[in-house]
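FYI, it's all coordinate maths here, none of it is from the lab. Remember, predicted model here, so these are calculated numbers, not experimental data. A quick note on method: Cβ atoms are made from the backbone with ideal geometry, for glycine too, and the neighbour counts reach across all protein chains shown.
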Amino acid sequence: MRKNIVAGNWKMNKTLQEGVALATELKELLAGAKPNCEVVIGTPFIHLSAVSQLVTDSVINVSAQNCADKESGAYTGEVSAAMVKSTGANFVILGHSERREYYLETSEILNAKVALALANGLTPIYCCGEPLSVREKDAQEDFVKKQLDETIFNLSADNFSKLVIAYEPIWAIGTGVTASTEQAQEMLAFIRSLIAEKFGKEVAENTSILYGGSCNAKNAPELFAQPDIDGGLIGGASLKSVDFKAIIDAF
Ligand code: PGA
């Protein structure tokens, strides 16, 4: 059975002290009844260690937002998958459209990152999604299929079954424009059908696929009620503990 997951992506927000305060608030809010989904917070690298220690005795999992495409060595400014793992984090967001667009992450680079994440026991939350120009031409399915074919569809079924996928249409990220429930469900069902073709029905049924892009407490209940939407990757609304908790409570 696949898991429902609500994952926060803090992006480049919060100082260390602010991040620790946010994680503390969330931990307190989640101290009561166990949520009906797995909870992950994706913090900047420098927060990982402190936040991981803070949440060890809670339901919260910690994720990095990136890792290096190299194992170790003379790569100034980079942070390896092994380093991420050593902080206590166990997830890593890879292939986010902001990384692809602003830091020119190609499929080749992403393949190296996914391999290193898996080799170091991290669960990749692998992002895909089309820009507005592609959606306007109704070519989003071919675009997303290519993103998957060039990267995680090259994994063995065993490795593939260890990752989580997040579909984030670029036109919906941080814009306040959410994909309609139908658009999100349609794409996630399409992705699941591609997984079934490639790895078989059982792997497809067991893969958690998240929707991301202006997901909030208001639209989450309807989105999460769809048969193929197994949760959300949440940017802006993960920066306030009460808002993020409300999205978790949508399950
Ligand atoms: P958003 O970001 O919720 O602020 O749209 C989502 C994401 O980029 O992961």
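Okay, here's what the table says:
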read-out	value
Segment 29-118: GluC sites (Glu not before Pro) in DSSP coil with no more than 11 other Cβ atoms inside 10 Å	none
Top of K137, K145, K85 by mean-square fluctuation, Gaussian network on the chain, Cα under 10 Å	K137
Whichever lysines have a C-alpha closer than 19 Å to that of K146, once near sequence neighbours (fewer than 8 apart) are set aside	K113, K137, K198
Label point distance in nm, D138-L16, each placed 7 Å from Cα along Cα→Cβ	5.4
Within the chain, helix-based [θ] at 222 nm, where runs of 4 or more DSSP H residues each add -39,500 (n - 2.57), nearest 500	-11500 deg cm²/dmol
Sequence-distant residues sharing a close amide H with I93 (under 5 Å, placed H)	A64, Q65, N66, I125
Of the DSSP H helices in the chain, those whose Cα atoms cover at least 27 Å axially and whose Kyte score averages 0.5 or more	none
In Hz, Karplus ³J(HN,Hα) per residue of segment 150-164 (6.51, -1.76, 1.60; θ = phi - 60°; x = Gly, Pro)	7, 10, 5, 6, 8, 6, 5, 4, 5, 5, 4, 6, 8, 10, 10
Segment 1-139: C-alpha gyration tensor shape, a/c 1.5 cut-off, then a/b vs b/c	oblate
Residues whose placed amide H lies under 5 Å from that of N61, excluding near-sequence neighbours	V39, V40, I41
Estimated FRET transfer efficiency (T106, E28; beta-carbon r; R0 45 Å; 0.05)	0.60
Net charge of Cβ neighbours under 13 Å - reference S58; Lys, Arg +1; Asp, Glu -1	-1
Stretchable slack from V177 to N206, in nm (0.36 nm times residue separation minus alpha-carbon distance)	7.5 nm
Cα Rg over Rh - segment 5-248, Kirkwood	0.94
Euclidean distance between Cα centres, segment 102-159 to segment 221-246, Å	22
